[in-house]
There are 2 protein chains.
Amino acid sequence: MRETWVIGAASNRFGKMKESGREAATEVGLAAIESAGIEPRQIGHTFVANAFGVAEHQAHVGPLINTGLGIPEVPSVTIESACSSSSAALHEAYVHVAGGFCDFALVVGAEKLSHLDTLAATSYFAIGADYPFEAKNGATFPGLYATLANVYQHTYRTTPEMFGSIAVKNHANAALNPHAHFQKAITMETYLGSPMIASPLRLYDCCPFSDGAAAVVVAAKEAVPHPVREPLVVRASARAGSIADMHDRPDLLGLPAARAAGAAAFRQAKMGPEDIDFAEVHDCFTIAEALALEDLGIFPKGAAARASLDGATARDGKFPVNPSGGLKAKGHPVSATGASQVVEIFEQFNGLAGGRSVPHAEVALAHNVGATGGSCSVHIFSRR
Amino acid sequence: MRETWVIGAASNRFGKMKESGREAATEVGLAAIESAGIEPRQIGHTFVANAFGVAEHQAHVGPLINTGLGIPEVPSVTIESACSSSSAALHEAYVHVAGGFCDFALVVGAEKLSHLDTLAATSYFAIGADYPFEAKNGATFPGLYATLANVYQHTYRTTPEMFGSIAVKNHANAALNPHAHFQKAITMETYLGSPMIASPLRLYDCCPFSDGAAAVVVAAKEAVPHPVREPLVVRASARAGSIADMHDRPDLLGLPAARAAGAAAFRQAKMGPEDIDFAEVHDCFTIAEALALEDLGIFPKGAAARASLDGATARDGKFPVNPSGGLKAKGHPVSATGASQVVEIFEQFNGLAGGRSVPHAEVALAHNVGATGGSCSVHIFSRR
């Protein structure tokens, strides 16, 4: 395998986009290529994530993006793995580059659902679950993750303030992130006073529907003698699956795919959780951040939500989590989320993270979940 | 790169499926694994094509298929490239296996649209084109391919019988294919008497809407010391893109992506058109078969439709084309089509093609187009 780097990255501001998904993808794709200091014509393959393009009447969006970039002849493909679509796209790009099939690959994730009403948007999200067994019977993601939260709360006797501390921390980080959907801090009182959505999850436990686009450029080290930015060395790119249906899983105190992908990533990187300086994890709901940290072995089982309340996951804590603001507050434009996590790590390593910088970070991890964990991607990056 | 084989293949009968796309995908996936003589647990990665799963309210279908196969922990991803989705999935599987990332990969394409009315199905198909410029203004695929047919007819002074001979030949082949949607031959009179759909394309110039599923198993040669079937050696797996919008292309006498993917495949295989014994090409409309054969350099420009009328592309002709019956008569379940072409080559090389067998075939090519040519995949296979 060739040593593989992320050499460029870009994101727009998450929230409500005026432009279409393809327009946003083209814009951030070009920005990522420019940040890498290369020309579009050097891209050998484009990997697009755009799970709900059909909501804009557009499939087969890769050739349109490549045409916008001036490279229509370059092959492209759209990758879908629910909310982990763009980390799955990154994995494909990694395989192509590390395996020697191309020297430079563009990964771009984009999603636009804000033109739909909330019911329609929720229905789109829900097709990431097992439709005939879950969505068709009324289960949507707030309810499914609330089930996970209930099991966690019942087993570990957590308090509402523990989940709340995850929301408060991620909003505080997002307030410092110009890409974030919500650039405003919240207090614990605001959290505790927010309406119940699916008990025990309140409004501020839930990530928003966001539009957005994010892109990264993947390259073979040997093709980049003089990187213009501090590259992220891909130490691990691992994915795993799981029984998608929660009702068929023997254990709801974590996501089996996240445990498997995490373990595979640590094996690949020849590292352990103790080697990671900070992580971007998939906090579509606050409970998901706690489960992620336990699935990855960063905190013992049952300890992550409590550790959050103790400040361990703050930017200046023992193990900073989601300095970007996470899905919770940076926003969750489904197919842009995985790439966006890598944009954050790129900005952190390049001194571009401003007030939300994590000091002395050498190794970072990105954890991106599809739906309720039918799929999970884990990437580990280090400085050179 | 490791030598890479297709060691198993399966298809259901195209047409109207009672089962869902995921059920059909699971069934043919299992059948392909069984035909390969391996166990599901040996699969290292599943690549699914299911472009219009949203029409069944189902995205993120890989974990559901893998769970059905008894391998929920195996990573999966859904690959979309319009009508070339499953050949694009095959390309990803090839890259993973040839690059040494896994030893066995499952490629499965499935599509179900028969529960929709024709307008809705046409609308789904149309999102493979450039929506704001083409579909939104009323252009659907029959009209777009009719434009290509008009340019061809005008330039080369072809007769209706030339396009008709492609339809008659493919129906004759499909009549011998138990997987085919239309298992019935037609006469030139039937063709000429069929209603005009988009001049000059008549009903029998157009492929049908089909449900269907097809799967292949890709493996590293070194992992299969004793293949139970005659494997297809992957000599080339190439993809290319193009300006998707026909109105922006300088030349409509062919598809630029097909020319580029074909040239790349021949370079990779170190072969030329003269080395190919037969081909499965993307004949969504009869004109598309003629263009494919010219884009690939198998016939000179302007000669393919005429050659068809002369019998050159029949099973016993100089260069047999679409012995399966092609999209035209075997059917076109969008995301199953690319894999289905490989199923045909697998059956041909394994003496399973019955009355439609192409004698003495050692090397075969599969050509699969996304939409009107925004993407194209070309694969070349040989016997060991």
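Read the figures in this text as sums done on the coordinates, not as results from a lab. Here the structure is a predicted model, which is why all the values come from computation and not from measurement. Glycine gets a Cβ as well: all are built from the backbone with ideal geometry, and neighbour counts include every protein chain shown.
By the scheme Lys and Arg +1, Asp and Glu -1, what is the net charge of all other residues having a beta-carbon under 15 Å from that of A:Met1? Cβ neighbours under 15 Å give a net charge of +2. Each other residue within a Cβ distance under 12 Å of B:Ala51 adds +1 if Lys or Arg and -1 if Asp or Glu, for a net charge of -3. Peptide B:88-101 shows a mean partner chain C-beta count of 4 within 10 Å per residue C-beta.
Within a Cβ distance under 13 Å of A:Ala32, other residues only, what is the Lys/Arg minus Asp/Glu net charge? Let's see the in-between values first.
Details: positive: A:Arg229; negative: A:Glu27, A:Glu34, A:Glu39, A:Glu347.
Charge balance near A:Ala32 sits at -3.
Phi angles across region A:103-120 convert, under the Karplus curve 6.51 cos²θ - 1.76 cosθ + 1.60 with θ = phi - 60°, into 3J(HN,Hα) values of 8, 9, 9, 9, 10, 9, x, 8, 8, 9, 10, 5, 7, 9, 7, 4, 5, 5 Hz, Gly and Pro given as x. Legend: mean number of C-beta atoms from other chains within 10 angstrom of residue C-beta atoms, peptide A:64-72, equals 4.
Normalised by the residues of region A:1-84, what does the relative contact order come to in percent, with Cα pairs under 8 Å and at least six apart?
In percent, rounded to a whole number, it is 30.
Normalised by the number of residues in chain B, the mean separation of alpha-carbon contacts (under 8 Å, six or more apart) gives a relative contact order of 27 percent. Just how far, in whole angstrom, is region B:107-159 from region B:12-52 if you go by their alpha carbon centroids? Computed from Cα coordinates, the inter-centre distance equals 27 Å.
From the Cα gyration tensor of region B:144-255, with a ≥ b ≥ c the square roots of its eigenvalues, which class applies: rounded if a/c is under 1.5, or else prolate if a/b is larger than b/c, or else oblate? Intermediate results must be reported in sequence, preceding the final value.
Details: a/c = 2.74, a/b = 1.48, b/c = 1.85.
Verdict is oblate for region B:144-255.
The residue among B:Ile276, B:His91, A:His57 whose Cα reaches farthest toward the positive pole of the charge dipole of the protein assembly as shown, with charges on the beta-carbon of Lys, Arg, Asp and Glu, is B:Ile276. Placing +1 on the Cβ of every Lys and Arg and -1 on the Cβ of every Asp and Glu, with nothing else charged, gives chain B a dipole about its Cα centre of roughly 420 debye.
Amide H contacts of B:Ala49: B:Ile79, B:Val108, B:Gly109, B:Ala110, each under 5 Å away and 5 or more positions distant or on a separate chain (H built 1.01 Å from N in the peptide plane; Pro and chain starts excluded). 3J(HN,Hα) along region A:37-47: x, 10, 9, x, 5, 7, 5, x, 6, 10, 10 Hz, from the Karplus curve 6.51 cos²θ - 1.76 cosθ + 1.60 with θ = phi - 60°, whole Hz, x for Gly and Pro. Close amide H contacts of A:Val228 (hydrogens built in the peptide plane, cut-off under 5 Å, sequence separation of 5 or more or a different chain): none are found.
Each of B:Tyr145, A:Tyr124 has some number of other Cβ atoms within 10 Å of its Cβ, and from fewest to most they run A:Tyr124, B:Tyr145. Karplus-based coupling profile of region A:138-149, in residue order and whole Hz: x, 7, 10, 4, x, x, 5, 6, 5, 4, 4, 5, with θ = phi - 60° in 6.51 cos²θ - 1.76 cosθ + 1.60 and x standing for Gly or Pro.
The mean number of partner chain beta-carbon atoms within 10 angstrom of a residue's beta-carbon across peptide B:130-136 is 4. Of interest is the spacing of the C-alpha centroids, which for region A:269-313 and region B:326-384 amounts to 48 Å. Where in region A:235-258 does the label zone of A:Thr155 land, with the point 7 angstrom along Cα→C-beta and an amide N cut-off under 12 Å? Those under the cut-off are A:250-256. For region B:90-147, a simple Cβ point-charge model (Lys and Arg +1, Asp and Glu -1, everything else neutral) yields a dipole of about 120 debye relative to the Cα centre. The amide H of B:Cys102, built 1.01 Å from its N in the peptide plane, has B:Val97 as neighbours under 5 Å, considering only residues 5 or more places off or on other chains.
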